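What follows is a single structure, written as structure tokens, with notes after it.
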Amino acid sequence: MANRPRRNLQSAGQLLEKAASSLFRWATTDHSGIGKMRKLMPKRGFLDEILDILVFSLIAVFGAVLQAAWIYILIAYGIPFLIFGHF
């Protein structure tokens, strides 16, 4: 009878290990097909990659500035408009 909890503990450990390894394998699997697309893409040079990084960085900065301006407009003009009821 004293052996039964130990066996249950061992089987629970094995079950947990199997579940964790299966979850990790699923999480690291390429479900989107990006890996296949990357293999089919032509090789690019260092300067092309730097240019892409620069363009994406500029787009991100522009998006952040645009979002900040939108939030400012909403707070500065939208809230008073709703509070004072000028519809």
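The values are calculated or read from the model by the stated rules, or taken from the named source; none is laboratory data. Treat the numbers as computed from the prediction; the structure is a model and nothing was measured. As a convention, Cβ positions derive from the backbone with ideal geometry for all residues, glycine included, and neighbour counts pool all protein chains shown. Side chains are part of the model used for accessible areas, which takes the heavy atoms of the whole protein and leaves out ligands, DNA and RNA. Shrake-Rupley method; radii C 1.70, N 1.55, O 1.52, S 1.80 Å.
Of the labelled options (i) 287; (ii) 107; (iii) 79, which one gives volume of the Cα convex hull per residue in Å³ as computed for this structure? It is the value labelled (i). Inter-label distance, Ala20 to Ala69: 5.1 nm, where each label sits 7 Å from its Cα along the C-beta direction.
Accessible area per residue for the chain, computed on protein heavy atoms with a 1.4 Å probe, is 100 Å². Counting only protein heavy atoms and using a 1.4 Å probe, what share of the accessible area of the range 32-87 belongs to carbon plus sulfur, as a whole percent? Here it works out to 77 percent.
Quick one: net charge around Met41, please, counting Lys, Arg +1 and Asp, Glu -1 for every other residue with C-beta under 15 Å from its C-beta. Provide the component values of the computation, followed by the final result.
On the way: positive: Lys36, Arg38, Lys39, Lys43, Arg44; negative: Asp30, Asp48, Glu49, Asp52.
It works out to a net charge of +1.
Dividing the helix sum by the residues of the chain, where each DSSP H run of 4 or more adds -39500 (n - 2.57), gives a mean residue ellipticity at 222 nm of -25500 deg cm²/dmol. Here is the list for the range 36-82: trypsin sites (Lys or Arg not before Pro) lying in DSSP coil, each with at most 11 other C-beta atoms within 10 angstrom of its C-beta, are Lys43, Arg44.
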